[in-house]
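The values are calculated or read from the model by the stated rules, or taken from the named source; none is laboratory data. Source: prediction; values computed, not measured. Note that each Cβ is placed from the backbone with ideal geometry, even for glycine, and that neighbours are counted across all protein chains shown. Heavy atoms of the whole protein, side chains included, go into the accessibility calculation; ligands, DNA and RNA do not. Shrake-Rupley method; radii C 1.70, N 1.55, O 1.52, S 1.80 Å.
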Amino acid sequence: MTRRIVVAGGAGYIGSHVCVELLERGDALLIIDDFSNSHPEAVARIQELAKGDVELLKADMADETQRDMIINAVKAFGADGAVHLAGLKAVGESVAEPARYYRVNLGSALTLIAALEAADAKTIVFSSSATVYGEHNQNPVDENGANGPTNPYGRTKYFIEEMLKDIAHSDPEWRVVNLRYFNPVGAHPSGRIGEDPNGIPNNLFPFISQVAVGKREKLSVFGDDYPTRDGTGVRDYIHVADLARGHAAALDYLGTLSKGGATDINLGTGVGYSVLEAVAAFKRASNRDIPYEVTPRRDGDIAEIYANPKRAETLLGWRAEKSLEDMCADHWRWQSHNPDGYKS
Ligand code: WQD
């Protein structure tokens, strides 16, 4: 039976890959996106890559004046559940504009929850983040790690996780998975969808990729004096295609539950790579030089974090399959075929 899934933020980097994965599994989709950090061309490419029933609603889920329209659209769509990826996601920006981050990220989540309740579709997979873990956890980090987000963006993720747990506690019909992504990178192997950040990339891989394609002169390596194997920051990079499979597996899992509840699940590989290891891998994949200079540490960065992915394997039957080489090769294919992203 075709599942009818709302994908909030479905035109975005992670969202577009989730949409392709769900369409390939036969789901019908309602994509809700305001295109503030995504592009309508991504929706066209999703439909190029995977046949299926796709409806699009251009709407700002944090805008109170659009709330009723969104609720009515989700009801009319006949939703069975949702994947919630819509929100602001720049750590540095969240420190500068915390009120905007709380208003947009929590407001969007509350609108989607109201819409799902109205549609009697109390199933949600929430795009959370490893940023909810503080810097005081022992690696590999499991889901019981102390929740100590160190920035407003991370706190919005943590608060939404807690809101969803409270809602599932108050109404056992709610079925919730909070997926804690580690560091999503890479692109669909076709090179047709990928990460297309606005302005100067905050994250490592899109910045490296833009250096490789000649859009940026050199990479700044934020510190090489961390207590790690080569002094640079270590992260658990996960291929966005693996991440998309994890979302589909989470929806499948929620469909098997005889009663409601809320579960936090890490999506990571369980392996950490340093900045310099990522640069070397990208050089091999792109056959391009990646000039860099070491600069002071970035405020808020931690030395090392990588996942314990055991729970995803046990509950979802999911594990990451793609290597760092796959991540670099696929990220590079997207970047080299689309030097200006979707505006290319
Ligand atoms: C990775 C490593 C940097 C850029 C953040 C959010 C997380 C998620 C992913 C949204 C670190 C180093 C980076 C650069 C560098 N965001 N770096 N030069 O900070 O681990 O995670 O983005 O979902 O929630 O917290 O990712 O890619 O910014 O940094 O040296 O130009 O690369 O110091 O060690 P991060 P990142």
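Of everything in the range 164-189 that is away from the ligand (no atom under 11 Å from the Cβ) and under 15 Å from Gly12 (Cα atoms), the residue that is surrounded by the most Cβ atoms within 10 Å (Cβ to Cβ) is Ala187.
On inspection, Arg192 passes the criterion of being open to solvent by 40 Å² or more (accessible area, probe 1.4 Å) and not in a helix (DSSP H, G or I).
Looking at Leu29, is it in contact with a His (Cβ under 8 Å, 6 or more places away or on another chain) and not small (Gly, Ala, Ser)?
On the way: in contact with a His (Cβ under 8 Å, 6 or more places away or on another chain): no; not small (Gly, Ala, Ser): yes.
Taking the combined requirement at face value, the residue does not satisfy it.
Looking for something at pLDDT 95 or above and closer than 17 Å to Phe207 by Cα - is there at least one such residue anywhere in the range 299-320? Checked against the condition, which is being at pLDDT 95 or above and closer than 17 Å to Phe207 by Cα, the range 299-320 yields no hits at all. Considered as a group, the residues in the range 109-142 that are of a type in the set (Gly, Ala, Ser), crowded, with 21+ Cβ neighbours inside 10 Å and under 27 Å from Gly268 (Cβ atoms) include one that is farthest from the ligand (Cβ to nearest atom), and that residue is Ala109.
Starting from residues that are among the polar types (S, T, N, Q) and within 13 Å of the ligand (Cβ to nearest atom), keep the ones in the range 190-211 and report whichever is farthest from Val275 (Cα to Cα).
First pass over the range 190-211, keeping only residues among the polar types (S, T, N, Q): 190, 198, 202-203, 209-210.
So of that shortlist, the ones also within 13 Å of the ligand (Cβ to nearest atom) come out as 202-203, 209-210.
Details: Asn202: 14, Asn203: 11, Ser209: 13, Gln210: 15 Å.
Filtering first and then ranking leaves Gln210.
For the range 248-264, does any single residue satisfy the condition of being open to solvent by less than 30 Å² (accessible area, probe 1.4 Å), on the phi > 0 side of the Ramachandran plot and touching a residue at least 24 places away in the same chain (Cβ under 8 Å)? Checked against the condition, which is being open to solvent by less than 30 Å² (accessible area, probe 1.4 Å), on the phi > 0 side of the Ramachandran plot and touching a residue at least 24 places away in the same chain (Cβ under 8 Å), the range 248-264 yields at least one hit. The number of residues in the range 212-228 being within 12 Å of the ligand (Cβ to nearest atom) and either in a strand (DSSP E or B) or crowded, with 23+ Cβ neighbours inside 10 Å (or both) comes to 4. Only one of the listed residues (Val240, Val294) is open to solvent by 30 Å² or more (accessible area, probe 1.4 Å) and on the phi < 0 side of the Ramachandran plot. That residue is Val294. Suppose we keep only residues that are small (Gly, Ala, Ser) and open to solvent by less than 60 Å² (accessible area, probe 1.4 Å) within the range 310-325. Which one would you say is farthest from Ala280 (Cα to Cα)? Selected residue: Ala312.
Taking strands (runs of 3 or more DSSP E) as the structural unit, those lying wholly within the range 233-344 and holding at least 1 residues that are touching a Leu at 6+ places or on another chain (Cβ under 7 Å), more than 16 Å from the ligand (Cβ to nearest atom) and closer than 29 Å to Ala146 by Cα correspond to 261-267.
Cβ separations smaller than 6 Å between residues 6+ apart or across chains give the following pairs from the range 7-34 residues that are farther than 21 Å from Ile70 by Cα to residues that are open to solvent by less than 10 Å² (accessible area, probe 1.4 Å) and part of a strand (DSSP E or B): Leu22/Ile5. Is it true that Val104 is assigned to a helix (DSSP H, G or I) and either at pLDDT below 95 or over 22 Å from the mean Cα position of the chain (by Cα) (or both)? In short, no.
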